[in-house]
Amino acid sequence: MKNATVLLVDDNADLRKLVSKTLTSLCNWHVETAGSGLEALSFLEKQKPDLILMDVSMPQMDGLTAIEEIKKRKEWRGIPIILITARVQNHEMNQYRHLAIAGVISKPFDPMKLPNQINRLIEQWSPSGENLRVAISE
């Protein structure tokens, strides 16, 4: 993804700074941030990013609810979404398989490996949900 705009949605301000700096410096991607699913939806009303990185547990509106809202809008359905979460137990992963997302990156993660993990998941993703792979990238 060359010159991509990424929407990073996480309630942890330090993580938003770290991921923003990493993706900006290593990939030359433009990173916008939101602290909740509600803020993400507000951002999407104004701009369509190339990728959404979404935490699961957040105040106001969690990531899974935000994804459900995003998938309701035809113009947003084609945006790949990658969950970045510590919630990767089997029952949670089974729940994610039904979201038509590009994948899951488990927290904690190595910031230097993050761009490669993202690119790998995006390459495997299909907007139609066909061949959907949910992978824990460690």
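Quick note: the coordinates plus some simple rules give every number you see, no bench work behind them. Since this is a predicted model, take the numbers as computed values, not measurements. Neighbour counts are summed over all protein chains in view; Cβ atoms, including those assigned to glycine, are modelled from backbone coordinates with ideal geometry.
Numerical summary
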| read-out | value |
| --- | --- |
| Residues with amide H under 5 Å from that of residue 61, placed H, sequence gap 5 or more | 37, 38 |
| Interchain or long-range residues, amide H under 5 Å from residue 8's placed H | 32, 33, 34, 53 |
| Computed label-point distance, nm, for sites residue 65 and residue 112 using a 7 Å Cα→Cβ extension | 3.9 nm |
| Cα gyration tensor of the chain - equivalent ellipsoid semi-axes, whole Å, descending | 19, 17, 16 |
| Cα centre as origin, Lys/Arg/Asp/Glu Cβ charges: the chain dipole, Debye | 320 debye |
